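The structure appears below as structure tokens.
What follows is calculated from the coordinates using simple rules that are stated; it is not laboratory data. Here the structure is a predicted model, which means the values were calculated and not measured. As a convention, Cβ positions derive from the backbone with ideal geometry for all residues, glycine included, and neighbour counts pool all protein chains shown.
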Amino acid sequence: MTCAHVLGLIDAGPFAGYPPEHLDAAFDHARACPTCGPALAASHAVDVDVAALPQVAAPPDLEKAVMARIARLEDPVAVPTTDRAWTAGAVIAGAIAAAVAFAIELSVAWKWLAPRPDTVLALFVVSLLMYSAGLFAPLAGRRRSLRED
Amino acid sequence: MSDADRDAVRAVKRGDREAFAGLVRAYQGRLFGLVLMMMRDRAAAEEVTQDAFVRAFTRLDMYDERRPFYPWIATIAVRLAQNELVARGRVIRREGAPLDAAPEPVVEGRGQAALSDLVDDERRRVLWKEVAALSSGERTSVLLYYRDEMPVGDIARALGVTAGTIKTLLFRARRRLRERLAAIGFGQEHSR
């Protein structure tokens, strides 16, 4: 049994793939050997001391920061109230515009109404504006929410 | 898994998100220390530790309550830290190539200095600096195995390598640390 072999077994520690009697013989050699003895002692010190190294303290506001992020994940209030009100208003206005447009369309189709072309154009523009507002309102709200994150 | 951890996890799953604060309190020091040793950058370690807790919260339904909580969240933290390190250009090599080809230079950052200050014994101070100077794979394996007492299989899963690779990393780390202690004279008295 050579010192190089024993040193390898010492460094392998609990993962040395040899039978117990072989390891016992190796450690008997180490305890009596001026080369392997200090290595065995140092190896034991490594095992003990690494396990006993002090824990570093976490930053004082870590818990608070984590819980704040978790709160933002779940909390619908993260989207500002003004944004939500604006989004709801746009949806309602869009729904009213759609209903008005539908009623006018039916009236024209069934000849109940014969609107002037500029009236039709005005209605079209207003409807288009309301439709656009409703379409982009959620995106605007999302952008503000992300900026606050 | 401790009863307190299990109760906290179940409470969070029932919708009591404040119960998660107990888990954060219980493990933030261990987790932050681990990530700090991996990244050696206090600000980045804090960010990754936060990310790990938040990700654990959002994926708590994937957590197996029969297993201890710390290895699970440590795995999340280790992977996030690895991703961050890779993003920074510090490529951690995978199985098939050495995970730790060249030791990274020791960065005397605030985190490390603070840790060294905690170690009053000279031998342990040397050991701490040597642990900090190990390559990323060795350092992480040593901390998870010795200090966090994680089984080799769990460490392998966390690092995305085989158990054999972890044993090799631990072997190299033990040899280096042992040689360093011997170099400062430790153990000589045992041979006399």
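At a glance:
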| quantity | calculated |
| --- | --- |
| Karplus 3J(HN,Hα) series, Hz, for the stretch A:100-116 with 6.51 cos²θ - 1.76 cosθ + 1.60 (x for Gly, Pro) | 4, 4, 5, 5, 5, 4, 5, 4, 5, 5, 8, 6, 6, 10, 10, x, 6 |
| Modelled FRET efficiency - R0 22 Å, A:MET1 with A:HIS44, Cβ distances, 0.05 increments | 0.65 |
| B:VAL78, B:VAL152 arranged by Cβ crowding within 10 Å, fewest neighbours leading | B:VAL152, B:VAL78 |
| The stretch A:16-78 - Debye-derived log10 I(q)/I(0), Cα point model, q = 0.17 Å⁻¹ | -0.75 |
| Cα convex hull of the stretch A:3-52 - mean projected area over all directions, nm² | 3.2 |
| Sequence-separation-based contact order of the stretch A:3-52, relative, with Cα cut under 8 Å and 6+ spacing, percent | 43 |
| A:PHE27 versus A:ALA68: modelled label distance in nm, points set 7 Å from Cα along the beta carbon direction | 5.2 |
| Exercise: per-residue mean of other protein chain Cβ atoms within 10 Å, B:172-182 | 6 |
| Protection proxy ranking, peptides A:124-133, B:161-170, A:105-114, average beta carbon neighbours within 10 Å, highest first | B:161-170, A:124-133, A:105-114 |
| Solvent-free Debye scattering, log10 I(q)/I(0), computed from the Cα coordinates of the stretch B:1-58 at q = 0.13, 0.16 Å⁻¹ | -0.36, -0.51 |
